[in-house]
1. Identify, please: which residue in the range A:1-43 is assigned to a loop (DSSP other than H, G, I, E, B) and of a type in the set (G, A, S) and is, among those, nearest to the other protein chains (Cβ to nearest Cβ)?
2. Of the numbered conditions (1) open to solvent by 30 Å² or more (accessible area, probe 1.4 Å); (2) under 28 Å from B:V316 (Cα atoms); (3) not in a loop (DSSP other than H, G, I, E, B), B:D65 satisfies every one except a single condition; which is it?
3. Which one of these is away from chain B (no Cβ under 14 Å), open to solvent by 10 Å² or more (accessible area, probe 1.4 Å), closer than 15 Å to A:I506 by Cα and in contact (Cβ under 8 Å) with a residue 40 or more places away in the chain: A:P92, A:P67?
4. Across the range A:108-128, what is the total count of residues that are surrounded by 21 or more Cβ atoms within 10 Å (Cβ to Cβ) and not in a loop (DSSP other than H, G, I, E, B)?
5. Mind listing just one residue for me: the one in the range B:308-348 that is over 30 Å from B:Q280 (Cβ atoms) and in contact with a Leu (Cβ under 8 Å, 6 or more places away or on another chain) and, of those, nearest to the other protein chains (Cβ to nearest Cβ)?
6. Taking A:A61, is it buried (at least 18 other Cβ atoms within 10 Å of the Cβ), free of Cβ contacts under 8 Å to residues at least 60 places away in the same chain, within 13 Å of chain B (Cβ to nearest Cβ) and of a type outside the set (F, W, Y)?
7. With the structure loaded, tell me whether B:L335 is within 29 Å of the chain's Cα centre (by Cα) and closer than 20 Å to B:L181 by Cβ or whether it fails that test.
8. How about the range A:386-407: which of its residues are closer than 19 Å to A:L462 by Cβ, open to solvent by 30 Å² or more (accessible area, probe 1.4 Å) and free of Cβ contacts under 8 Å to residues at least 24 places away in the same chain?
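The values are calculated or read from the model by the stated rules, or taken from the named source; none is laboratory data. The structure presented is a predicted model; accordingly, all values stated were derived computationally and were not measured. For neighbour counting, all protein chains shown are included, and Cβ atoms are generated from backbone atoms with ideal geometry for every residue, glycine included. Areas reflect the complete protein model, heavy atoms only, side chains present, ligands, DNA and RNA absent. Shrake-Rupley method; radii C 1.70, N 1.55, O 1.52, S 1.80 Å.
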Amino acid sequence: MTRETIPAVGIDLGTTFSAVAKLDERGLPLTLVNAEGDHLTPSVVLFDGDDVIVGKEALKAIAVEAPRVAECSKRDVGHRAFHKTLQGKKYPPEVIEAFILDKLRRDAQLQIGPFSKVVITVPAYFDEVRRKATQDAGYMAGFEVLDIINEPTAAAVAFGFQQGYLNEEGSTSEPQHVLVYDLGGGTFDVTVMEIRGTEFIALATDGDVRLGGYDWDQRLVDIAAESFLRRHKFDPREDPIAAGKLWRECEDAKRTLSVRSKAAVACDHKGCSARIEITRRQFEEATLDLLDRTRFTTAQSLKAAGLDWSDIDRLLLVGGSIRMPMVHAMLRQLSGKEPDASVAADEAVALGASLHAGLILAQRQGNPPTFTIKNVNSHSLGVVGVDPLTGRRRNGTLIPRNTPLPVTAKRTFKTRKENQRSILVEIVEGESPSADDCTRIGKCSVRRLPENMPAQSPVDVLFHYEPNGRLKVRVIVPGADRQIATEIVRENSLAKEHLDGWRKFICGLEPTEYR
Amino acid sequence: MTREIPIGIDLGTTFSAVSYIDHAGHTLVIRNAEGEILTPSVVLFGENEVIVGKEARNAAAVQPDLVAQWVKRDMGSPFYTRPIHGQKLPPEVIQGCILRKLKLDIQRTLGRVDRVVVTVPAYFDEIRRKGTADAAEMAGLKILDIVNEPTAAALAFGETLGYLSPTGAPQKEMTIFAYDLGGGTFDATLLKLAPGDIRTLATDGDVMLGGHDWDLRLADFAADAFQKQHGLDPRKNPAAMNRTLAAAVEAKHTLSARVRASLRVEMAGRASEVQITREQLEEMTADLLERTSYTTRQLLAAAGLEWKDIDRLLLVGGSTRMPMVVNALRRMSGLEPDHTVNPDEAVARGAALYAGYLLAKESGDVRKAAFEITNVNSHSLGVEGIDPDTLRKKNFVLIPRNTSLPAKATERFSTKMEGQRSIVLRVLEGESTIPGECTAIGRTAIRDLPAGLIKGWPIDVTFEYGSNGRLSVHAVVPGTSHEAKLDLERDSGMTREGIEQWKRSVGEAAGFNSFESMLQDVLGINIPLAPSIENPEASPLRAPTDGRSAGATECSGPGVRAYDSAPLDDSPAEKLSPIPPCKPGASALRTFAAKPQSLAGAAPLWEEAEHIPVENTVEFAPEKPNGKPPSAGMSLSRVLFNAIGFAVFSAFGLALGYAILHYIMPDKFKWPW
């Protein structure tokens, strides 16, 4: 009987590494290993002629065939195309992500048999477009994405499980405030959560989608390259292969510097070679500004949650980059608390995702939930309107950031002209009042409005924002007595037929009803 | 609660792993200080520290002479293949260093270290098992038991499928074939899983076959290519060879995912980029794979089974990731190889489960010890005697291999001569009928037999082999009160003092500081020496003649294998077989504390028994030392030849050099004539 149930699988699709976890027969989450025997699969794709190779081997290939390797594609999600042309082709970043997901699926299948239902995690700070793209990547890889959840939330769930909060007996009566500091390979997230019994409530979230261990690596690359340049008058960063090789060396040196006080980087370029010694102090000085950015964001999000450090019960560290001693030292100094690194830094997110998948699957079978998650939105959502006073384009916010989800918000706008027959609703995400400083998510248009509406007729825009961070828009024109649910035409998003085409190409599966 | 935490250690040839069972009953793998699940089984004996793991492996490319790796393959030999810091180290000591590092990681993760289960290849013989237990002892680990790797893997597999509880989901029996190809050893084991019952049917293997051999082939291939291109052989330079080997390992991994790879060989400022395809690798290692196939077929035949009787073909060990392995097994068996357990972790997890089982049994918690494990012995056990037909020495097997444990067997032997006063019992392990081809694992003697016993007097020998791998040998001379008992316990093979000495050296206290004291002991002069071996002349037990003294002098060094010879000291030498000197490079001969009991006043029964006599003469099965004895010196003609050759070539070289210089700078270097 246990063998027939659908496995609850969670995927942490990271910038530099990905992990897959499932719930075992007893409901305990455990990470699965890939075909190479590792719990973490490098999120790196090598386009090798007709072959697409993902993982460790692709990572190794950076040192010799960098131009054919796509790394850190998660950073480009939300853009139209990956920043690098691979074998003369431009790939959408979500397609590269789909190749990674496909590899994760194939490897996991060896151990748990075929499965398709998964929960995928995204940084809390991912915006609507990026979430949609991640969901698309899941579809192209042949998955049915049950839900998209935030990485810090998943980590907190894993932590809660480990602490025994998820059992009736183990649940705490006292609400606990947990600040999750998640410094991964490519993204940084801070989330303040309240764990009340079996409820996981996000109070505030903030982050930086372009800050992670990768940036620390690049600083090491710079130190090494400049030292090399001084010695040999060549810059290894100019040559993609030398740069790729150097990056791998530096990445390894970074790990060494977490346990030792100095490390050596070997660099070969144009027949010259050098062994460059870097001390931990040197490294910490060179990356101080990066660490400061995380410190600033951490303090900000605590403020946004309306809390003080004295209210925080746990300072939970997640993500591989928290192994750097400087992170602990900074947080200790900032918070006056001892950071808690008791969850598996690299696996907690995937474990939490699998717990969430288990919850959804159980709910579908009519079982009561064992825990609940309440989320907030990470970015303010609004529409572009024209300021009647200045005549300039302005961002009219409907859902301010850190609003608990799900939420439906309404705001009334007015038509501009007499007999206006259509309205273009431009949806933007961001905190700035100026529309141009915000991210355009997409637009929807309302056509065939009733004739002869006077100028300044009210038009209600309703946003319905789901806990998974996906948006639905409705427009109501009160006079017209008409409700229009509109499809958002997203910026930089792949059309359904493209998604189907890629799906066929990547995993050989036929299209399904997917929106 | 002071619940003892079940801990399992997979001490592998190339990598080691540790697992434990948490309070929820979940098996978890312990990460080392470097954050990794697998710790390379490599030891660097640095100038003032001993480093184990990744860093040590990286150092192999720069300081190859200070690095010890693949030590597990040398288990059973007196010393590691090559001296470190000029010092010959017993492999147990190096393994002890690895275990010591694992112990620190356990300590760091769990806050304490309880008793552990350590795994060994099923095909490890008694001496190698004993050595593994000694290594743990030296590392300050308390051994709960030693368990076979495939059994552990099967436990991990059984847990996943719910076989470890009688109420587990599957109720039907399942026969599984565990194909365990690790870094250095190969094991094939047939097991039967029934709910709550795990039974080993038969086991076979090869302790000298593993992924490392594949690496060596690849490295050879690359070295040949380099030699062709540059005329230099990287195999001659240990650092270059280690770098080439590291590149070969990477290339092997690449070839599991891709169809071609390249590996870079660098030496003396030159480099070759060697291309290799998966097909090439498969061709050049086909014979290695064939060896595993052969063993696999042999095992099935031994168990009287066919492929259609096998339900699952379980893959264990990192080397089973090679597509050639999976394909060959698929072809041979018609079964789809099973990837359910993680080949790297399954053994450690299973060992932890086994530890949990033993602890539960110990505390009488029947609910938790709800499964039974039955093992078999991997090698036949017997005694050396003389065949009455051929009058040659023969290995008389009492417990054949693949016998379910515990097992007990009794056999009657008889004395060889009239008036024989003592009997020597040599315990052998191995399949051959020729004692010289078997491993002598123990020895005992019955002495001071009543005078005047007739020829052919019976001697009953009983072997009792416990499921924990402990063999006790009991010999009784009916009609007399003479008997001998020999307990081949894993915790008493190496002399107590030897282990204690090394244990102090490897370091008992917490912290790496104690490694320094170890270094002093290991690499300094403070090496414990066993008097009886150190000075062969002083030993009353040394063979009086027959030119084996060369072998005996070779044995000087750390006396960790000193024989507990005291009780035999006062015995008449001509009545006793000499204790064989240890063979350099060969499997160590270890005798165990023999306690011959001499009881006077026995009433002899004059009865004839027609049985094979146990030899009591000084004649001895010829030892075949593996290592060559040190050559006594070159023959005179050869020395002369070399000297003349040297002189001629030196003169020629000098002349040539002078000539060249003369042509370059004619003014400064005038012709001397």
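1. Pass one, the range A:1-43, residues assigned to a loop (DSSP other than H, G, I, E, B): A:1-8, A:14-16, A:24-28, A:33-40, A:43.
Those still in the list that are of a type in the set (G, A, S) too: A:8, A:14, A:27, A:35, A:37, A:43.
Values: A:A8: 16, A:G14: 16, A:G27: 10, A:A35: 7, A:G37: 5, A:S43: 16 Å.
Residue satisfying both the conditions and the ranking: A:G37.
2. Only one criterion is unmet by B:D65, namely (2).
3. Values: A:P67 fails: closer than 15 Å to A:I506 by Cα.
Going through A:P92, A:P67 in turn, just one is away from chain B (no Cβ under 14 Å), open to solvent by 10 Å² or more (accessible area, probe 1.4 Å), closer than 15 Å to A:I506 by Cα and in contact (Cβ under 8 Å) with a residue 40 or more places away in the chain: A:P92.
4. Number of matching residues: 7.
5. Among residues in the range B:308-348 that are over 30 Å from B:Q280 (Cβ atoms) and in contact with a Leu (Cβ under 8 Å, 6 or more places away or on another chain), the one nearest to the other protein chains (Cβ to nearest Cβ) is B:T340.
6. Criteria met by A:A61.
7. Taking the combined requirement at face value, the residue does not satisfy it.
8. A:T397, A:P400
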